[in-house]
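Reading through the structure tokens given below for one structure.
The values are calculated or read from the model by the stated rules, or taken from the named source; none is laboratory data. Since the structure is predicted, the reported quantities are computational estimates derived from the model, not experimental observations. Neighbour counts run over all protein chains shown; Cβ positions are idealised from the backbone, glycine included. With ligands, DNA and RNA removed, areas are computed over all heavy atoms of the protein, side chains included. Shrake-Rupley method; radii C 1.70, N 1.55, O 1.52, S 1.80 Å.
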Amino acid sequence: MDSRTNKQNYYLDIADSVLERSTCLRRKYGAIIVRNDEILSTGYNGAPRGRKNCSDLGTCTRQILKIPSGERYELCRSVHAEANAIISAARRDMIGATIYLVGRDAMTNALLSDAMSCSMCKRQIINAGIEQVVIRKTPTEFVTIPVSDWIENDDSIFSVSLDT
């Protein structure tokens, strides 16, 4: 009987290692892009190259302003893990690939069971030609999201009622 870790958890374990480079004081994320069983790139969340990281400054603007998670990303110093992984790979190589994502609380190191790509990262993943996203929920459980779901269920379209 084969007792090896399955491929999804193997790649999620690598993404979990990548997040150790994160410089965010709130949440650490690691991402890897894989196609045909080959790792194309990795990414973690941190300030753009050459800028000071929140971990260097010892402060987080969003934390100071008490901004809830998932809101006001324009005030964040970090480039997200998914974006950094995408930046580091050629689009022609990412077409049909899978991106693996793991998130942890920066203070407790607890696994984030609610990890999800933000709306900006979703757009970048779509444009990169990535086919699916695998997100760790527990040490052994994960969810696989077909990127086509994000295209079909466009969360950037809001219906506004004009009734008065």
Close pairs from the range 35-55: first of a type in the set (D, E, K, R), partner open to solvent by 70 Å² or more (accessible area, probe 1.4 Å), Cβ under 6 Å, at least 6 apart
none
Taking the options Ala106, Ala85, Ala128, name whichever one is at pLDDT 95 or above and either out of contact with any Ser or Thr (no Cβ under 9 Å at 6 or more places or on another chain) or farther than 21 Å from Asn36 by Cα (or both).
Ala128
Could you tell me whether any residue of the range 54-67 is modelled with pLDDT of 95 or more and either among the acidic types (Asp, Glu) or open to solvent by 70 Å² or more (accessible area, probe 1.4 Å) (or both)?
no
Is one or more of the residues making up the range 126-147 in contact with a Lys or Arg (Cβ under 6 Å, 6 or more places away or on another chain) and among the aromatic types (Phe, Trp, Tyr)?
yes
Check whether at least one residue in the range 141-158 is in contact with a Phe, Trp or Tyr (Cβ under 8 Å, 6 or more places away or on another chain) and either open to solvent by less than 60 Å² (accessible area, probe 1.4 Å) or without any contact (Cβ under 8 Å) to a residue 12 or more places away in the chain (or both), and report yes or no.
no
Looking only at the range 24-53, filter to residues that are of a type in the set (Ser, Thr, Tyr) and open to solvent by 20 Å² or more (accessible area, probe 1.4 Å); which one of those is farthest from Met116 (Cα to Cα)?
Thr42
Among Ser3, Ser113, which is closer than 27 Å to Gly129 by Cα and either at pLDDT below 90 or out of contact with any helix residue (DSSP H, G or I) (no Cβ under 7 Å at 6 or more places or on another chain) (or both)?
Ser113
Go through the range 77-98 and give me each residue that's open to solvent by 30 Å² or more (accessible area, probe 1.4 Å), more than 22 Å from Val143 (Cβ to Cβ) and not aliphatic (A, V, I, L, M).
Arg77, Ser88, Arg91, Arg92, Asp93
When only residues in the range 99-114 that are surrounded by fewer than 23 Cβ atoms within 10 Å (Cβ to Cβ) and touching a Lys or Arg at 6+ places or on another chain (Cβ under 7 Å) count, which is farthest from Glu82 (Cα to Cα)?
Ala110
Which of the residues spanning the range 1-22 are among the hydroxyl-bearing types (Ser, Thr, Tyr) and surrounded by 15 or more Cβ atoms within 10 Å (Cβ to Cβ)?
Tyr11, Ser22
Between residues in the range 123-137 that are closer than 17 Å to Leu19 by Cβ and residues that are in a strand (DSSP E or B) and among the small types (Gly, Ala, Ser), which pairs lie under 9 Å by C-beta distance while being six or more apart or on different chains?
Ile135/Gly103; Arg136/Gly103
